[in-house]
Each structure stands twice: as C-alpha cells, then as structure tokens.
1. If amide hydrogens are placed 1.01 Å from N in the peptide plane, which non-local residues have theirs closer than 5 Å to the one on Lys298?
2. Kindly give the semi-axes, whole Å and largest first, of the ellipsoid equivalent to the stretch 1-131, taking each as the square root of 5 times a Cα gyration tensor eigenvalue.
3. List, in order, the whole-Hz ³J(HN,Hα) value for each residue of the stretch 258-269 obtained from phi through the Karplus relation with A = 6.51, B = -1.76, C = 1.60 and θ = phi - 60°; use x for Gly and Pro.
4. Can you tell me the accessible area per residue over the chain, all protein chains present, probe 1.4 angstrom, in square angstrom?
5. Keeping the other protein chains in place, figure out the carbon and sulfur percent of the accessible area of the chain, with a 1.4 Å probe.
6. Can you tell me how much longer the chain between Lys209 and Ser53 gets when fully stretched, taken as 0.36 nm per residue apart minus their C-alpha distance, in nm with one decimal?
7. Suppose only helical runs count, i.e. DSSP H with n ≥ 4. What mean residue ellipticity at 222 nm does that imply for the chain under -39500 (n - 2.57) per run, divided by all residues and rounded to the nearest 500 deg cm²/dmol?
8. Dividing the Cα radius of gyration by the Kirkwood radius, what Rg/Rh value follows for the stretch 145-196?
Amino acid sequence: MKKEIGFVGLGRMGLNMATHLVEGGYRVIGYNRSEAPRVEAETVGIEVVSSLSAVVQGLSAPRVVWLMVTSRAVDEVLAELTPLLDAGDTIIDGGNSFYKNSIRRHAELNAQGILFLDCGTSGGMTGARHGASIMVGGHAEVFATHEDIFKTLSAPDGYARVGNEGAGHFVKMIHNGIEYGMMGAIAEGITVLHEHEAEFGINLREVFKPYEHESIITSKLVSWLIEAYNEGQIDAIEGVVPKGETEEEMEHITTLGNVKVLESALAQRKATRETPSYLGKLVSAMRNQFGGHKVIDKK
C-alpha cells in the first residue's frame, strides 16, 4: 500500500514540503484555503481538494494529516478538522505554534482518541524543498509510527524526537531565539564594515568570500545575505524589520532565563521601526531570503 498523507496549508513552506513528500513516494492529498497555491500544487503531483472533509475522505484509516498553517489559524483548522477524524488518526502540527498551545492540543486531542505530534520545522523555503531540520515532540510510540515522514522531509540526520508533548515547538522556539541573535550579530558586524568602507577601501563583496568559506561564521545566514547583495535587494528596501509571527514568542523566552543576546536582537529590530537603519536592511533581507518574509520597499 502506498504511503499517504493529508497536507493542509500549501503556502511558501507547505507547498515545498508537500512536493518533497511526493518525490519521496507519498500520495499527498493537499488543501489550501486560497486558490493560487492549490493551482500550483496540482502541477507537482499533489492531489488537490477543495475542503478539509475531502482531505479526510481521500485518506485510508488510520489517517495522518499534517498542518502547515499560521499559528493563529491552528485552532480554527482543528475545530473543523477534528470532528471529521476517527480515534487512532494522527495530526502533526509543523508550524510555529506556541508550545503551551501545543501541550493543550495534545491533551484535547488525546481525550478524543486522536494522536498528535508538535513539530518545529527549520531551514526556510530551501530546506522545506530539499531537506529541513525537524524537531518533534510527543509520545515516543506515535513518533515511531510516523518516523518515515520526518525522515523523508528532513536533511540527512536532520530530524529527532526531542521530547514529550510540546517539546518540538519549545525546542523550535529556542532555535528561533538563537537565530535572532545570530542574525543580529551578522547584521551588526556588516553594518560596521559598511560604515568604514571608505576609510579602509573595503569591498563588501570581497569580504564575503572568506566569510562564507570555512570561517567560524560561515553559515546559511551569511550565504543568504550575499544573495541579497547580489540581487540588489539591500539598496531596494527600507531599513525596517517588520514584526514577525515569532516575535511574541521571543518576548516570552526573555521571561525564561538570562538571554541578553536575544534581548539585544529584539531591541535592534524594534529600533528599526522607529529609525530605519542599514542594520534593518540586512536583517530584513536575510529574513526574506530564507523565509520569504515581508520586506518594505524603499520609497
């Protein structure tokens, strides 16, 4: 019997992940509320349907449905989806849900006999398409049952069950906090270089060559920033970092421990909304490069 999965949410990340599953041998029944992603999904072998009920009806029991929707939409989707499922079916939330909400959803769904896994997903649109980093929370036996899904979606050795209920989204939240700090440090350093270009005759494009290859700070973030420079994006956007979906979670992390780097990175981003800056351009460009996050075009 062919492996199959329902996939709800065919946006930037979701469509790439669903496509990856198709290439990994899965029959994917996909649904998205808006039409444009549904049209694109049909071209890559996803069986696109027009409702959540059609997703459920198209799957064999016991079913597994992956959610890749915004955190604010998860409860709304669950309210419609859950009554359509049977005991023994599984829901995987692969989005950026707040971990406390995931703990609550584990309890609510398990009380109905529906299994649940919370799954933090990282790697941006490229990772979603070719192999992501996946952090799963939930019961060990449920994870084991569906491990092939995570193995298929992830980079080699790029997935793990990281703990119990809520752990997947908690670990991803902390990952995002680290990411904020790394992006802030890179943007801060490049801003200082930019401010001294004339003094030292610095060519930033040349600076990036050693930075990107085998230096201690070599990373995808540096590579994505280089792409932004090469595309002319830095000059084309305002130095403002729009508030993102995870920023409230980052505020929450500051209540959990001593996280001065994260606090500084948050302050950097907020400052750009008062006074646009070159640093704001850099952070905004990195966010756009890896996740398609909104940028504000230069007026």
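The values are calculated or read from the model by the stated rules, or taken from the named source; none is laboratory data. For clarity, every value in this text was computed on a predicted model and none was experimentally measured. Here Cβ is always computed from backbone atoms with ideal geometry, including for glycine, and neighbour counts include all displayed protein chains. For the accessible areas, the whole protein counts, side chains as well, though only heavy atoms, and no ligand, DNA or RNA atoms are used. Shrake-Rupley method; radii C 1.70, N 1.55, O 1.52, S 1.80 Å.
1. Under 5 Å from the amide H of Lys298 lie the amide H atoms of Ile237, Glu238, each far enough along the sequence or on another chain.
2. 21, 17, 13
3. Coupling constants for the stretch 258-269: 8, 10, 4, 5, 4, 4, 5, 5, 5, 4, 4, 5 Hz.
4. Per-residue value: 47 Å².
5. Its accessible area is 53 percent carbon and sulfur atoms.
6. 51.0 nm is the gain from fully extending Lys209 to Ser53.
7. -15500 deg cm²/dmol
8. Dividing the radius of gyration by the Kirkwood radius yields 1.23.
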